[in-house]
Amino acid sequence: MSQDAQIDFTDPAFQADPHPVYAQWRRTGPVRRTRLPSGVHAWLITRYEDARRALADPRLSKESAFSIGSSRTANRADGPAAVLSRHMLAVDPPDHTRLRRLVSAAFTVRRIEALRPRIAEITHDLLDALEGRERADLIDAFAFPLPIQVICELLGVPAEDRDAFREWSNVIVAGAQSGDRLEPAIRAMVGYILGQIAQRRAHPGEDLLSGLIQVRDAEDRLTEAELSAMVFLLLIAGHETTVNLIGNGTCLLLRDRDQWERLRADRSLLPTAIEEFLRFEGPVETSTFRVATEDVEIGGVTVPAGDPVVVVLLSANRDEERFSGADQMRLDRTLNAHLAFGHGIHYCLGAPLARLEAQIAFTALLDRHPGLSLAVAPEDLRWRPGQLLRGLEELPVRLL
Ligand code: HEM
């Protein structure tokens, strides 16, 4: 493969199975510049060791990088998107440290564990609604609404708005690829979030949003733009990621029925199985953008100052140098230090929540639908476009 080989992220064959292409890149050019669907050229990091180092390298800054990924309309300085862009995943220390600290107490393993009964209730309500049906799209009926309902309740915003929110969220995450739909979606999202903040301000509750408003108004440790951006980030993270952990994991198990039966027979495998879903077909394909603040050497290649860098988490997690039998899904895999939740200071804040939701979701599915099966041939499953996320458009299943 020549050094200027490109990945066509929009090619349906690549979307269906990007792993062989990434394997080739790891072998022949593990740090290489390519054109992303947005038109931006970025350095792609595809090997595990380089990826882990890059994610924790302070010379790779978020501060100037976020507007690159979100297209020109998302420029910080002006436009509606400015309201959404000052969040922790888009800034460096010390702002990052301050913003993350404001919410980290709500996401500790202990605080999240306390949500278990409510998450189980939501899970069973969703599965109750499927009773008597022979077929369903498991994304639409289960994998998507579960994490949404949970994050909306945690924040204190009504989950009834989730369909509109899903639409805007999908458009915004697809970035420049959404074309003319991007700007209206950003406007709608900003209006929605500002409306929610105004409502909570007028009628505070026990929820996270009321707590953040209190921090903003009484203690002045958060600007108004940072407040709306925080709500935006938490809602987007809650909408776009765990859905893919539940969807991809179920798909992996149903594509290889022996694995489904194995997990059904031995539930002690569930924690390692969930980590293996995260490694093998993780919900987030690439990291968000970083920008080199000086010339940075990665894997023997010099990335020039000012250039954008993207870490391909999906590829790092299949690196043979790090994981034995990397292309095999092993439900009992231990020593599974995957990068599906990132690494370094931006390591996923929601990881304990995502893990708990997955644990409850898979337990309930295995218990209540032991005969669950794919309703379409595996090759007919369609994967969502775009380079950031790895998830199915639909997961049609037979329930009986
Ligand atoms: C399986 C589900 C999830 C996966 C795979 C995932 C993955 C990630 C990854 C890879 C990053 C780092 C991105 C980068 O460094 O460029 C990240 C950051 C983050 N995630 Fe998640 N995420 C998941 C669920 C959630 C949930 C449910 C929430 C919250 C409700 C959440 C909140 C966040 C936040 C706030 C950050 C930014 C942290 C920071 O900048 O310090 N995530 N996530």
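The values are calculated or read from the model by the stated rules, or taken from the named source; none is laboratory data. Since the structure is predicted, the reported quantities are computational estimates derived from the model, not experimental observations. All Cβ positions, even for glycine, are placed from backbone atoms using ideal geometry, and neighbour counts span all protein chains on display.
For segment 279-293, does any single residue satisfy the condition of being of a type in the set (S, T, N, Q), within 10 Å of the ligand (Cβ to nearest atom) and touching a Pro at 6+ places or on another chain (Cβ under 6 Å)?
First, pick out the residues of segment 279-293 that are of a type in the set (S, T, N, Q): 286-288, 293.
Subsequent filtering for residues that are within 10 Å of the ligand (Cβ to nearest atom) retains 286-288.
Filter again for touching a Pro at 6+ places or on another chain (Cβ under 6 Å), leaving none.
No, segment 279-293 contains no residue that is of a type in the set (S, T, N, Q), within 10 Å of the ligand (Cβ to nearest atom) and touching a Pro at 6+ places or on another chain (Cβ under 6 Å).
Given the condition within 25 Å of PRO37 (Cα to Cα), modelled with pLDDT of 90 or more and either crowded, with 16+ Cβ neighbours inside 10 Å or within 15 Å of the ligand (Cβ to nearest atom) (or both), answer yes or no: does some residue in segment 209-224 qualify? Before you say what the answer is, go through the steps one by one.
Taking segment 209-224 as the starting set, the residues that turn out to be within 25 Å of PRO37 (Cα to Cα) are none.
Scanning segment 209-224, I find no residue that is within 25 Å of PRO37 (Cα to Cα), modelled with pLDDT of 90 or more and either crowded, with 16+ Cβ neighbours inside 10 Å or within 15 Å of the ligand (Cβ to nearest atom) (or both), so the answer is no.
Matching residues to (1) small (Gly, Ala, Ser); (2) modelled with pLDDT under 90:
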{"site": "PHE107", "(1), (2)": "no, no"}
{"site": "LEU115", "(1), (2)": "no, no"}
{"site": "ARG133", "(1), (2)": "no, no"}
{"site": "ASP161", "(1), (2)": "no, yes"}
{"site": "GLY175", "(1), (2)": "yes, yes"}
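Among ALA354, ALA364, ALA358, which is in contact with a His (Cβ under 8 Å, 6 or more places away or on another chain) and assigned to a helix (DSSP H, G or I)? Let's see the steps before the verdict.
Details: ALA354 fails: in contact with a His (Cβ under 8 Å, 6 or more places away or on another chain); ALA358 fails: in contact with a His (Cβ under 8 Å, 6 or more places away or on another chain).
The unique qualifying residue is ALA364.
Suppose we filter segment 137-149 for residues that are surrounded by 20 or more Cβ atoms within 10 Å (Cβ to Cβ) and either modelled with pLDDT of 95 or more or closer than 15 Å to LEU245 by Cα (or both); how many remain?
Taking segment 137-149 and keeping what is surrounded by 20 or more Cβ atoms within 10 Å (Cβ to Cβ), we get 138-139, 142-149.
Imposing the further condition that a residue be either modelled with pLDDT of 95 or more or closer than 15 Å to LEU245 by Cα (or both) reduces the set to 138-139, 142-148.
The qualifying residues number 9.
Please determine, by comparing only the residues of segment 271-304 that are closer than 23 Å to VAL40 by Cα and of a type in the set (A, V, I, L, M), which one is nearest to the chain's Cα centre (by Cα).
VAL284
Restricting the search to segment 300-321, which residues are surrounded by fewer than 19 Cβ atoms within 10 Å (Cβ to Cβ) and assigned to a loop (DSSP other than H, G, I, E, B)?
Within segment 300-321, the subset surrounded by fewer than 19 Cβ atoms within 10 Å (Cβ to Cβ) is 300-302, 304-307, 320-321.
Hits for segment 300-321 are GLY300, PRO304, ALA305, GLY306, ASP307, GLU320, GLU321.
Among ARG116, ARG166, ARG111, ARG98, which is within 20 Å of THR363 (Cα to Cα), within 16 Å of the ligand (Cβ to nearest atom) and either out of contact with any helix residue (DSSP H, G or I) (no Cβ under 8 Å at 6 or more places or on another chain) or basic (Lys, Arg) (or both)? I'd like the intermediate steps shown before the answer.
On the way: ARG166 fails: within 20 Å of THR363 (Cα to Cα); ARG111 fails: within 20 Å of THR363 (Cα to Cα); ARG98 fails: within 20 Å of THR363 (Cα to Cα).
Of the residues listed, the single one that is within 20 Å of THR363 (Cα to Cα), within 16 Å of the ligand (Cβ to nearest atom) and either out of contact with any helix residue (DSSP H, G or I) (no Cβ under 8 Å at 6 or more places or on another chain) or basic (Lys, Arg) (or both) is ARG116.
Filter segment 150-169 for residues that are in contact with a Lys or Arg (Cβ under 8 Å, 6 or more places away or on another chain) and part of a helix (DSSP H, G or I); which is surrounded by the fewest Cβ atoms within 10 Å (Cβ to Cβ)?
Among those residues, the one meeting the criterion is GLU153.
Tell me, yes or no, whether segment 60-71 has at least one residue that is buried (at least 20 other Cβ atoms within 10 Å of the Cβ), at pLDDT below 85, out of contact with any Phe, Trp or Tyr (no Cβ under 7 Å at 6 or more places or on another chain) and not in a helix (DSSP H, G or I).
Yes, that holds for at least one residue.
Kindly indicate whether ARG318 is within 18 Å of VAL21 (Cα to Cα) and within 11 Å of the ligand (Cβ to nearest atom).
On the way: within 18 Å of VAL21 (Cα to Cα): yes; within 11 Å of the ligand (Cβ to nearest atom): no.
Taking the combined requirement at face value, the residue does not satisfy it.
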